[in-house]
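S.K.: Mind looking over this structure? Questions follow.
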Amino acid sequence: MFHIFKQRKTITMPVLLQKLKRGRPVVVDVRERSEYEAGHLKGVRNVPLKELNQLSLANGTPVYVLCQSGKRSKQAYKILEKKGMTVIDVEGGMNTYKGRVVK
């Protein structure tokens with residue numbers, strides 16, 4: 001059977017946290033600035049969903065996208081994938097993170 005839809009690449013928050021400890025992956029938080037400023041993961045870049053078309057990265061650089069619950073990151077995934085980027089969606093977003101945040 002043919003697959004009409006490509007499966008979205010995802011990662012869990014614990015796996016993302018391990019990647020952040022081991023290196024400097026490109027992680028984009030697509031929440032609004034006020035949400036980001038209220039608390040975010042260290043080393044994560046804020047590019048609100050409405051500004052995402054302006055994001056430019058080196059070809060082939062994987063970008064991890066997250067939001068509060070996963071809804072906006074799914075939209076971000078589609079936008080960036082159309083731009084030809086390698087995208088990985090963080091399942092459940094910040095709602096799945098129970099640690100300390102940067103303010």
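S.K.: So if I average 1/r over every pair of distinct C-alpha atoms in segment 50-103 and take the inverse, what Kirkwood radius in Å does that give?
M.R.: Computed over segment 50-103, the radius equals 11.9 Å.
S.K.: Accessible area of the chain with a 1.4 Å probe: how many percent of it is carbon plus sulfur?
M.R.: With neighbouring chains kept in place, the figure for the chain is 52 percent.
S.K.: Further question on the same structure: Over all pairs of distinct alpha carbons, what does the Kirkwood formula give as the hydrodynamic radius of segment 13-103, in Å?
M.R.: 13.0
S.K.: Taking only C-alpha pairs under 8 Å that are 6+ residues apart, what is the relative contact order of the chain in percent?
M.R.: Result for the chain is 34 percent.
S.K.: For segment 37-103 and segment 14-29, what is the separation of their C-alpha centers, rounded to whole Å?
M.R.: Centre-to-centre distance over Cα atoms comes out at 11 Å.
S.K.: Continuing with this model, one more query. Only four residue types carry charge here, +1 at the Cβ of Lys and Arg and -1 at the Cβ of Asp and Glu. Report the dipole size of segment 18-94 about the Cα centre in Debye, rounded to the nearest 20.
M.R.: 180
S.K.: Counting other C-beta atoms within 10 Å, and keeping those with at most 14, which DSSP coil trypsin sites (Lys or Arg not before Pro) do you find in segment 1-90? Mind dumping the intermediate values first?
M.R.: Details: sites: Lys6, Arg8, Lys9, Lys19, Lys21, Arg22, Arg31, Arg33, Lys42, Arg45, Lys50, Lys71, Arg72, Lys74, Lys78, Lys82, Lys83; in loops: Lys6, Arg8, Lys9, Arg31, Lys42, Lys83.
Counting only loop positions with at most 14 other Cβ atoms within 10 Å, the trypsin sites (Lys or Arg not before Pro) in segment 1-90 are Lys6, Arg8, Lys9, Lys42, Lys83.
The values are calculated or read from the model by the stated rules, or taken from the named source; none is laboratory data. From a predicted model like this one, the values you see are computed outputs, not experimental measurements. Virtual Cβ from ideal backbone geometry, glycine too; neighbours counted across all protein chains shown. All accessible areas refer to the heavy atoms of the entire protein, side chains included, with ligands and DNA or RNA removed. Shrake-Rupley method; radii C 1.70, N 1.55, O 1.52, S 1.80 Å.
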